[in-house]
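Novice: Structure in structure tokens, see below.
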Amino acid sequence: MSSEHCAAAMAVQCQPFTCFHRVHGTNIRLDPSGTQATRVESFANGICFSRDPLAPGQLFLVEIEEKELGWCGHLRVGLMARDPRSLKKVPEYSLPDLLNYGESWIFAITREHNRVAPDEGQNASSLAEDLSDPYLKVGKIKIPRDKLMARSKPGRFSHFLDQLYKTHILPPTARRSRIGVLYEPQEDGTRHMHIIINGEDMGASARGIPANQPLYAVIDVFASTKSVRVIQIEYGFPSLQTLCRLVIQKHVIHRLAIDWLDLPELLKNFCKYE
């Protein structure tokens, strides 16, 4: 087993801060933290990259924060096996422009049909996931499922939205949907790219990616997708803060009831919004 595969088997034990690269499309504006990317005009020139190459099994996860009506098409996600600084110019489109540069694997997110066909000999039923499992498993990679699905903001009808998230009725392209990309090392030394949508693995979108170069995440804030934000993932053991949130949420009827608890305001917001 390769050292890269061993690293993935243990998941990503460190918790790196993930954000966008300073190299991006001409219509993209980043917030001061580098975690929010907004396309300020038109429908293209919205390509972004991860600031750092991804580690084996590390999920680069974004939440759709804002939509823009009037455009056809949605978020595009993938990997690129080159340093973004090596690009003479960030292309206008990820599909087909960046793809045609080579060493890139890009996947267009649609309202439906994002799951890819299984490998030959793999039973379609084997792709079924136990959504009650606290961990998402991609091969030997384990990722806490807690952050992989968004929670609706508290409001009059937020309990209905919570149910939509839980039952995965929320369309992948909808506002507050969470979409990520990672690569899974293979025994033969290659890598497979997986797209994760609202806590579900869509399968290996690209197979046999060479392992001789670092891989950067590609997020194309395209067309009807206006703004996205990077979501930080906790790997390994959950933090004390996360454990407290899970206990509190388990013992309230609805998140709006958290406001009635005698808790610090920051902790209340953490329990309601995440």
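Novice: With Gly199, Gly236, Gly180 as the choices, which residue is modelled with pLDDT under 95, under 24 Å from Arg115 (Cβ atoms) and of a type in the set (Gly, Ala, Ser)?
Specialist: It is Gly199.
Novice: Filter the stretch 63-80 down to the residues that are in a strand (DSSP E or B) and not aliphatic (A, V, I, L, M), then identify the one that is most open to solvent (accessible area, probe 1.4 Å).
Specialist: My answer is Glu66.
Novice: May I pose another question? Being at pLDDT below 95, among the hydrophobic types (A, V, I, L, M, F, W, C) and assigned to a loop (DSSP other than H, G, I, E, B) is the requirement here; does Val23 meet it?
Specialist: No; evaluated as a whole, the condition is false for this residue.
Novice: Could I ask something else about it? Looking only at the stretch 35-62, how many residues end up being in a strand (DSSP E or B) and surrounded by fewer than 20 Cβ atoms within 10 Å (Cβ to Cβ)?
Specialist: Residues flagged as in a strand (DSSP E or B) and surrounded by fewer than 20 Cβ atoms within 10 Å (Cβ to Cβ) within the stretch 35-62 amount to 2.
To keep it simple, each residue is scored yes or no on (1) more than 26 Å from Cys72 (Cβ to Cβ); (2) crowded, with 19+ Cβ neighbours inside 10 Å.
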{"residue": "Gly139", "(1), (2)": "yes, no"}
{"residue": "Lys142", "(1), (2)": "yes, yes"}
{"residue": "Asp146", "(1), (2)": "yes, no"}
{"residue": "Gly155", "(1), (2)": "yes, no"}
{"residue": "Ile197", "(1), (2)": "no, yes"}
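Novice: Same structure again: Scan the stretch 237-258 for residues that are among the charged types (D, E, K, R) and in contact (Cβ under 8 Å) with a residue 24 or more places away in the chain and jot them down.
Specialist: Arg245, Arg255
The values are calculated or read from the model by the stated rules, or taken from the named source; none is laboratory data. Remember, predicted model here, so these are calculated numbers, not experimental data. Glycine gets a Cβ as well: all are built from the backbone with ideal geometry, and neighbour counts include every protein chain shown. Remember, those area values only see protein heavy atoms, side chains included, never the ligands or the DNA or RNA. Shrake-Rupley method; radii C 1.70, N 1.55, O 1.52, S 1.80 Å.
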